[in-house]
Every structure is written in structure tokens, then in C-alpha cells.
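Working notes, structure below.
The values are calculated or read from the model by the stated rules, or taken from the named source; none is laboratory data. Computed from a predicted model, the values in this text were never measured in an experiment. FYI the Cβ positions are ideal-geometry reconstructions off the backbone, even for glycines, and counts take in every protein chain you see. Protein only, heavy atoms only, side chains kept; ligands, DNA and RNA dropped before computing areas. Shrake-Rupley method; radii C 1.70, N 1.55, O 1.52, S 1.80 Å.
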Amino acid sequence: MAFDFDTPPDRRHSDSIKWQRYAHRDVLPMWVADMDFAAPPAVREALQARLDHGVFGYAHVSTALREAIVEGIARDHDWQIEPDWLVFLPGVVQGFNLACRLAGEPGDGVLTFPPIYPPMLLAPDNHQRRLVRSELVLKGGRWEYDWDGLDALLATQSARLLMLCNPHNPVGRVWTREELTRLAWHAEKHDWLICSDDIHCGLVIDSAQPYLPIAALDEAIAQRSITLMAPSKTWNIPALGCAFAVIPNAHLRKQYLASARGLIPDVNVLGLVACEAAYRDGGPWREALLAYLQSNARALLAGVNALPGLSMTQVEATYLAWLDCRGLGLTDPQRHFERHGLGLSDGRDFGLNGFLRLNFGCSRALLDEALQRLATAVRAV
Ligand SMILES: Cc1ncc(COP(=O)(O)O)c(C=O)c1O
């Protein structure tokens, strides 16, 4: 079946926060992480059938939904999980905030790796935990962990929680078995809880870099892990508010549920329906999407790296590119590109100045226009 990513619905006059920001300006919105594409037909059909039923009373998480997720994760990611390991949540952000509440006591450290999705930088403080930062480094054209820096950091700072992002937003890396094993070694040594935000795991566009959940490394690591996943990024349904934590350890699962009690609402019924359809029937659409994103990523990589003062690394996963603007010598790159018609995310929000994040989950025509505007903006520096 063919899917049309070239002519997405017009979102300019919709309720989209991405498009509303620039509603009355000639600025291409390429910031917040949703794609411009309509959700897969299989998801929309399931939602339509649920709407036609017409009753929206309290709903339970069905066995069929748990099975669709378990089968989907085994099929797509080669990870065998059990249905009762799943804890449903309205969002992944709530998922890592709960992990911060669980890990240790107020004042304890939460280790994470900037540049990173901004709510992960804020989560420790939300729960009176201390943010411990180990900055990623750009080595030979690839973003990596700074292993020496991490050793030095851990000599003076303690942590109770390792908060990962895999694949990593915004640098687009899919962490390798070696890298995850090295982190896992630290987790065992320091007795850390692990919370891995794997929301982008369905969006690997470099087939040479297969996704591996850290919890799949071995049984001991699984027992100390909370893996957060959702259909929201892969199938472009983030506003339907359905996510889940995979927690193999029964005691940890109980603690996690207890820390959510009275605070975190149940997932709404449309989110549950969409999630089941996505994992069960969304495969062909995802395959087509990945091919489209691969092509967008190739065009963007070539276009950006041809511009003096601007560069990006290969995107292994996600539809987000992390642009290095340091060579342009701008004090406020976000502002500069916005003035030239491009609405990008400011690297400072991710913890790194001099960078911008560009969302290429859009039609090729829009991306081509963005490339032209990038070139104009660079010439104007
Ligand atoms: C790494 C990461 N985690 C979480 C989220 C948001 O998740 P949710 O909307 O389920 O809270 C995003 C959205 O961009 C993200 O990139």
C-alpha cells in the first residue's frame, strides 16, 4: 500500500502549536517534535470505529492492547517482554518524572547527558533531586558519551538514577551495545536505578544502527530498569496521550504505581485505541515513513554540510537534526534563522548554546524550501 507523505494536511489554520506560533508570519515551523503527516489509516480507522460506538465511559486496558504491544516490541525491536510488565501513562514526561520521585531521597543526584530533551533537565528539580550533567561530546563527526569526563564526575558526585534517552533527542544517536554495556556497568557499580526514555525507538532511519533497549542487555539490568515507550512519535499521535513504562521487576513496578497514585490519570480511551491499532497494524505505514525520513535526512545532511559555518552529523534515528551553528559566530542563532523564515528549536533549551534543532518530519517540498532559507540565512551572517 502506498502512503502519501508529499501532500500532508494543511495545518496552518489548525490548533497545532507548531504552526500557530508563526500563524501570521512567513516562518516555516520546524521546531516542536510532531510531524506534519496525518496518522496512519489503520489508526484513524480504529479511532473512527470507537467514535461511532459513541460511549466514552471509563475504560480498562484490554488484554488485546497489552498483547499488541508485547508482539510489536518483539517484532520491531527483538525484545521479549511480558504483558504485566506494562504500566500505562498519559505521557513519557510523566514517566521520567515519576522515576525521579522514586530514586533516592530529596537532594540525591540524577545523572543525565546534555544536550537532551529539555524536560529531562528540569525533572530532577521538580522532585528536589540534583541534576548531575555529563555532557555528550562530538568526536570524529559523531556524538558520544564522554567516558573520561564521566569517571571524573563520578569521583566527586553521586547519583541514584541514570536517566537515558535512547535514541537520543536531539543528537539522533542510537546507542550501541558497547555504549549501553558501559553505562550498565556503572549502574551496577553505583547501584543506580535506570530510566530510559525510548520514545523514539520506532524511528531508526540508519539500518546499520539497530536499536537495543538497555534493559535487554541482561537480566540484572532489566531488574533495575524502567523503559519508557509510546506510539506517539513513531505514528504521530502525541496529542492522544498514551505511553507506557516497561518494568520487569515486580517490586519496582509496585513502587512506581504507588508513586503515581492520585496524581497521574488513566490514559484516555482514544489513546488506548490508537495505541493498539498502531502496534498491531501500523507496521506498513512505519516502514514507508522511515523510507521517507531517510530520504529527507540525506537531503538535509548534504544541504547543511555544504553551507560554510553550519554542520550536522548523520541522524541515526528520529526526525530531528542537531545543527552546529558555532562556526557562524552568532550570539542568538535561533533569532537569526527565525528572521530568515525558519522556526527552529534553540539549543540553549537542551543545555547547549550554538546549536539548533530542526524537525524534518515534513514534506520534501517544505524541507527543500527550508534548505533554501538556510542558505540565505547563512549568506546573510
Ligand atoms: C525524548 C522525548 N521524551 C518525551 C517526549 C514527550 O513525551 P510525551 O508527550 O509522551 O510526554 C518527547 C517529545 O518530543 C521526546 O522527544
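Taking only the Cα atoms of the range 56-280, the ratio Rg/Rh comes out at 0.95, with Rh defined as the Kirkwood radius.
The stretch between Asp4 and Trp147 holds 47.2 nm of extra length on full extension. This uses 0.36 nm per residue minus the Cα-Cα distance. Ranking Leu240, Trp192, Ser158 by how far each Cα lies toward the positive end of the dipole of the range 146-285 (charges on Cβ) leaves Leu240 at the top. Sparsely packed loop sites in the range 232-336 (the trypsin sites (Lys or Arg not before Pro) outside DSSP H, G, I, E and B with at most 15 other Cβ atoms within 10 Å) comprise Arg261.
Summed over qualifying helices (DSSP H, 4 residues or more, each -39500 (n - 2.57)) and divided by its residue number, the chain shows a 222 nm mean residue ellipticity of -12000 deg cm²/dmol.
In a GNM of the chain with a 10 Å cut-off on Cα contacts, which of Arg12, Arg25, Arg142 has the highest mean-square fluctuation? Answer for the Gaussian network model of the chain: Arg25. Heavy atoms of the protein chains alone define the surface here; on that basis the range 56-280 has 40 Å² accessible area per residue at 1.4 Å probe size. The distance linking the range 203-249 with the range 118-157 is 20 Å (Cα centroid to Cα centroid, whole angstrom).
Rounded to 0.05, the FRET efficiency of the Val137 and Ser295 pair, given R0 = 35 Å and the Cβ-Cβ distance, is 0.75. Distance between Cα centroids, the range 283-301 to the range 32-70: provide it in whole Å. So the two Cα centres are separated by 23 Å. Shape class of the range 208-252 from the Cα gyration tensor (axes a ≥ b ≥ c, square roots of the eigenvalues): oblate, since a/c reaches 1.5 or more and a/b does not exceed b/c.
With only Lys, Arg, Asp and Glu charged, each at its Cβ (+1 for the first two, -1 for the last two), find how big the charge dipole of the chain is about the Cα centre; round to the nearest 20 debye. Each step should come with its number before you reach the end.
On the way: 36 positive and 44 negative charges, 171 e Å.
Dipole size: approximately 820 debye.
Taking Cα centre as origin and charging only the Cβ of basic (Lys, Arg, +1) and acidic (Asp, Glu, -1) residues, the dipole magnitude of the range 56-280 rounds to 440 debye. Computed over the range 221-299, the range of Cα coordinates on each principal axis works out to 46, 32, 22 Å, biggest value leading.
Taking every alpha-carbon pair in the range 292-361 and binning the separations at 5 Å intervals from zero gives 4, 17, 28, 28, 17, 6, 0 percent. Apolar share of the accessible surface for the chain: 51 percent from carbon plus sulfur atoms, 1.4 Å probe.
For Arg182 and Ser62, a Förster radius of 41 Å and the Cβ-Cβ distance give a FRET efficiency of 0.55, rounded to the nearest 0.05. Would you work out the relative contact order for the range 260-346, in percent, from Cα pairs under 8 angstrom that are 6 or more residues apart? Relative CO of the range 260-346 lands at 14 percent.
Taking all protein chains as they are arranged and a probe of 1.4 Å, the heavy atoms of Asp26 leave approximately 110 Å² accessible to solvent. Computed over the chain, the P(r) curve from all C-alpha pair distances, binned at 20 Å from the origin, holds 28, 59, 13 percent per bin. Of the chymotrypsin sites (Phe, Trp or Tyr not before Pro) found in the range 1-83, those that fall in a DSSP loop while having at most 13 other beta-carbon atoms within 10 Å are Phe56, Tyr58. Convex hull volume per residue, computed on the Cα atoms of the range 41-127, equals 179 Å³. Modelled spin labels at Asn353 and Arg11, positioned 7 Å past Cα toward Cβ, are 3.1 nm from each other. Stretching the chain fully between His340 and Ala306 yields a gain of 10.4 nm (0.36 nm per residue, less the alpha carbon separation). Relative intensity of the range 181-232 on a log10 scale, I(q)/I(0) at q = 0.17, 0.19 Å⁻¹, equals -0.56, -0.68, per a Debye sum over C-alpha point scatterers of equal strength in the absence of solvent. Compared with the direct C-alpha span, the chain from Thr331 to Gln48 gains 97.0 nm at full extension, assuming 0.36 nm per residue. Charges on Cβ only, +1 for Lys and Arg, -1 for Asp and Glu, centred on the Cα centroid of the range 303-381; of Gln334, Asn359, Val315, which one is farthest towards the dipole's positive end? Most positive-ward Cα: Gln334.
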